[in-house]
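Please read the structure below before turning to the comments.
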Amino acid sequence: MRIIKDLEEMQMYSFKTRCRGKTIGFVPTMGCLHEGHLSLVEAAKKKADVVVVSIFVNPIQFGPSEDYKEYPRPLATDKGLLEHFDIDVLFLPEANKITPDNFSSYIEVDKLSKKMCGRARPAYFRGVTTIVAKFFNIVCPDFTFFGEKDYQQQIIIKKMVKDLGFAIKIITLPTVREFDGLAMSSRNQYLSVKEREQAIILYKALCLARQEIESGEKNDHKILLRVRSLIGSVPNIRLDYVVFADPETLDEVKTLRGKILVALAAYIGKARLIDNLIVNAK
Ligand code: PAF
């Protein structure tokens, strides 16, 4: 595994790889790798000739009161995992090269980035799309891989790719869950033993919504009330939102018909966790 820190060296590596007629699969991450990330790496290995994984904790996608400083950075463990997966390049740029002090160009996907998580985290998706676009320009991948746990993120990135004409295919993979259903996330590390036990209520709440919707319940208020009261029954959890939305436009739906995205975000202790399911209404 080659480690590249320099932006121009990365660009040159990609240019030469493509000149040799090889395809590049790219997995952008913020490190603290778990099985969710590794499922993306595996998919990239199957799909592309050369696999590049980036680790970069992106300062511009964190709000001023968020966890940029505390975000876990177990670099040695991450490197070991990626070595084991025998990827070609670990791209490890420095923050002052990606977002220097005078950085002032941003990409924003209008509307989609204001819904759901965008309400509580107004600059979040602008930070994500800006950095992902910059990485696309540096890594020049043919394929990139995102997890469906960050459902809104992958929808927004697909829209950016379409709107701005990036010649990149976005491939998404299902959420990887712990033994009890909790969605894998680097932020699960923030949970105390007690909070970790409590966090399972989020997946249970999604399953409750799925069960009600798939069994034909049409009253969205009734289901939302049950979901909210299930989550509310656990102390220390503060629900940010739970929505029933169109899986493409992310517009909230009132009529429960066809495919529906059930998505939520909640604060447990120091962690803000998100999760979602796609369900089929009758
Ligand atoms: O999903 C993430 O880990 C990040 O938002 C990403 C896509 C690597 C951009 O910083």
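Candidates D78, D86: the one that is open to solvent by 90 Å² or more (accessible area, probe 1.4 Å) and either at pLDDT 95 or above or part of a helix (DSSP H, G or I) (or both) is D86. Starting from the stretch 20-48, take each residue that is touching a residue at least 24 places away in the same chain (Cβ under 8 Å) and over 18 Å from F135 (Cβ atoms) and list its partners that are away from the ligand (no atom under 15 Å from the Cβ) and of a type in the set (D, E, K, R), counting only C-beta distances under 6 angstrom and pairs at least six apart or across chains. Every condition considered, the pairs that remain are K22/D49. Which number in (1) near the ligand (Cβ under 10 Å from one of its atoms); (2) in a loop (DSSP other than H, G, I, E, B) marks the one condition that S54 misses? Of everything listed in (1) near the ligand (Cβ under 10 Å from one of its atoms); (2) in a loop (DSSP other than H, G, I, E, B), S54 misses just condition (2). The number of residues in the stretch 1-51 that are within 13 Å of P141 (Cα to Cα), polar (S, T, N, Q) and part of a helix (DSSP H, G or I) comes to 3.
Residues are listed down the side, and each one gets a yes or a no for (1) in contact (Cβ under 8 Å) with a residue 12 or more places away in the chain; (2) open to solvent by less than 20 Å² (accessible area, probe 1.4 Å); (3) of a type in the set (A, V, I, L, M); (4) under 20 Å from A265 (Cα atoms):
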site	(1), (2), (3), (4)
K159	yes, no, no, no
D163	yes, no, no, no
K169	yes, no, no, no
T175	yes, no, no, yes
F179	no, no, no, no
R187	yes, no, no, yes
S192	yes, no, no, yes
E195	yes, no, no, yes
A199	yes, yes, yes, yes
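Among the residues of the stretch 231-257, those identified as closer than 30 Å to K194 by Cβ and open to solvent by 50 Å² or more (accessible area, probe 1.4 Å) are G232, S233, P235, N236, R238, D240.
S113 satisfies every condition listed in (1) of a type in the set (S, T, N, Q); (2) open to solvent by less than 40 Å² (accessible area, probe 1.4 Å); (3) not in a helix (DSSP H, G or I) except (3).
Of all the numbered requirements in (1) in a helix (DSSP H, G or I); (2) more than 13 Å from the ligand (Cβ to nearest atom); (3) not β-branched (V, I, T), F125 misses one, and that requirement is (2).
Per-residue answers, yes or no, for (1) under 22 Å from the mean Cα position of the chain (by Cα); (2) hydrophobic (A, V, I, L, M, F, W, C):
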position: I3; (1), (2): no, yes
position: G25; (1), (2): yes, no
position: S39; (1), (2): yes, no
position: E42; (1), (2): yes, no
position: I55; (1), (2): yes, yes
position: P59; (1), (2): yes, no
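The values are calculated or read from the model by the stated rules, or taken from the named source; none is laboratory data. Model, not experiment: these values are computed from the prediction. Reconstructed Cβ throughout: ideal geometry from the backbone, glycine too, with neighbour counts over all protein chains shown. Protein only, heavy atoms only, side chains kept; ligands, DNA and RNA dropped before computing areas. Shrake-Rupley method; radii C 1.70, N 1.55, O 1.52, S 1.80 Å.
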